[in-house]
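> Have a look at this one before I ask anything.
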Amino acid sequence: MKLNCLLLLCALAGAHVSAADSKSAQAPTNGVVSAAAQPLVARAIAAIGGPAVQLRWFSFKDRVLIGATDTGFGAKRESVLDAPAHWWLKTQAGYSERKDEPAVFLVWAWTLRALTDAGSSVDVVPDMKDGETELWGLRVSGPVKPAMELYFAKGTDLLARIDWRSDIHRFSDWKTHSSGVKYPARIVGHKKADNRIWYFDDVLEVTPLAELPEKLQSAGADNK
């Protein structure tokens, strides 16, 4: 089952950065990141465990259900990611690439690689409130078109929401892998027009990889 979309100023930034975060004030970035965004990028990366454990190549198992109600069923799959360039589904015959799949950018975003990619441009967007949750946000453009907005929960600095194209993707139920990296185990997609739910995605297992499986290394060589 294919998931069509599918895991301001310096003063404003200063309001988000406490003395306890001062050691993270220099963001681990490679792209074009505004001065206001740099400390916020650093905080987001620190919240998931830091750049040393951030997901790069990894496999994951998930369950995807398209629809407005989570029945507990859905399609279970196992994937290998080299986002945003490649997403392979594991099959009995080997690996099948999901070509031209927009959801690869969403995975790239929730790993926060989108914030540190050499091709990304990152800037601050105004704070907002989603339900009872106060959020601060960053806009990412460059490899992803159109630009997407990533919103993080105040207090935890964990990703809570991505606004992209005609959809809102909400992230919750954060887990910590034995490597130390945090990842969202629950993703729910909504339509912007009416906030209607249209998919559920449960990330059941994440496995960081030191390198791509041998059969995929050639295909992924362009993104090392």
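The values are calculated or read from the model by the stated rules, or taken from the named source; none is laboratory data. The structure presented is a predicted model; accordingly, all values stated were derived computationally and were not measured. Cβ sites come from the backbone with ideal geometry, for glycine too, and all protein chains shown count toward neighbours.
> Cβ-Cβ distance below 9 Å, separation of 6 or more or different chains: which pairs start in segment 178-199 with a residue that is of a type outside the set (Gly, Ala, Ser) and loosely packed, with under 12 Cβ neighbours inside 10 Å and end on one that is modelled with pLDDT of 95 or more and assigned to a strand (DSSP E or B)?
Pairs found: ASN195/ILE168; ARG196/HIS190.
> May I pose another question? Return yes or no: is LEU138 hydrophobic (A, V, I, L, M, F, W, C), crowded, with 22+ Cβ neighbours inside 10 Å and farther than 17 Å from ALA44 by Cβ?
no
> So which of ASP173, ASP167, ASP163, ASP157 is touching a strand residue (DSSP E or B) at 6+ places or on another chain (Cβ under 8 Å) and on the phi > 0 side of the Ramachandran plot?
The unique qualifying residue is ASP173.
> Would you check if there is a residue in segment 107-128 being in contact with a strand residue (DSSP E or B) (Cβ under 9 Å, 6 or more places away or on another chain) and basic (Lys, Arg)?
No: zero hits.
> Of the conditions (1) buried (at least 16 other Cβ atoms within 10 Å of the Cβ); (2) more than 14 Å from the chain's Cα centre (by Cα); (3) part of a loop (DSSP other than H, G, I, E, B); (4) among the charged types (D, E, K, R), ASP157 fails just one. Which one is it?
For ASP157, the exception is condition (2).
Residue by residue, here is whether (1) surrounded by 19 or more Cβ atoms within 10 Å (Cβ to Cβ); (2) modelled with pLDDT under 95 holds:
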residue	(1), (2)
ASN4	no, yes
VAL41	yes, no
GLY50	no, no
TRP57	yes, no
LYS61	no, no
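> When you go through (1) closer than 23 Å to VAL144 by Cβ; (2) in a loop (DSSP other than H, G, I, E, B) one by one for PHE105, which number turns out not to apply?
Only one criterion in (1) closer than 23 Å to VAL144 by Cβ; (2) in a loop (DSSP other than H, G, I, E, B) is unmet by PHE105, namely (2).
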